[in-house]
Amino acid sequence: MVEYYIGVDGGGTKTNAIATRHDGTTVAVASAASIHFYAVGMKNARAALQDLLQKLQLQGVDLHNAKLFIGSAALFGEATPEQVTQLCDGLIEMPRVAMDSDLFVALETMCCESPCAVAICGT
């Protein structure tokens, strides 16, 4: 069973994350440099993601029991498997990662028929 859900706002200037339990209880928050791989390059984006995940782990988040969703300013739709692999491989188990455009995520929440939440943490 998944114990943690991690939401990542991968903006152009910084990256924010929140980890919650399945009941919505917040267990950790963290920030790091931008993971916008077109703006900072994939090497720097991976280093920032690694820093972010380490900060969550230091707060008790077990990445082996987590699902990660990244809303990325670098994307205009759902990430390709290659993009997910380039950014996340070796940092978190790949089947546990989903990545999409941050704008798409914000717009999609407008169509929800049941309660939901989205945090937009940038400019």
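The values are calculated or read from the model by the stated rules, or taken from the named source; none is laboratory data. Computed from a predicted structure; not experimentally measured. We place every Cβ from the backbone using ideal geometry, glycine too, and count neighbours over all the protein chains shown.
Quick notes
- Here is the figure for region 45-65: residues that are in contact with a helix residue (DSSP H, G or I) (Cβ under 8 Å, 6 or more places away or on another chain) and either in a strand (DSSP E or B) or closer than 19 Å to MET99 by Cα (or both) total 7.
- Residue check, ALA32 crowded, with 17+ Cβ neighbours inside 10 Å, touching a helix residue (DSSP H, G or I) at 6+ places or on another chain (Cβ under 9 Å) and in a loop (DSSP other than H, G, I, E, B): no
- First in region 12-27 and touching a residue at least 60 places away in the same chain (Cβ under 8 Å) and more than 15 Å from ALA66 (Cβ to Cβ), second anywhere and surrounded by 12 or more Cβ atoms within 10 Å (Cβ to Cβ) and hydrophobic (A, V, I, L, M, F, W, C), Cβ under 6 Å, 6 or more apart: GLY12/ALA39; GLY12/ALA73; ASN16/CYS121
- Looking only at region 1-23, and only at residues there that are modelled with pLDDT under 90 and among the aliphatic types (A, V, I, L, M), the one that is surrounded by the fewest Cβ atoms within 10 Å (Cβ to Cβ): MET1
- Within region 47-93, restricting attention to residues that are farther than 17 Å from ALA28 by Cα and of a type in the set (S, T, N, Q), the residue that is surrounded by the fewest Cβ atoms within 10 Å (Cβ to Cβ) is THR80.
- Note on region 66-100: among residues that are in contact (Cβ under 8 Å) with a residue 12 or more places away in the chain, of a type outside the set (S, T, N, Q) and in a helix (DSSP H, G or I), the one that is nearest to GLY7 (Cα to Cα) is ARG96.
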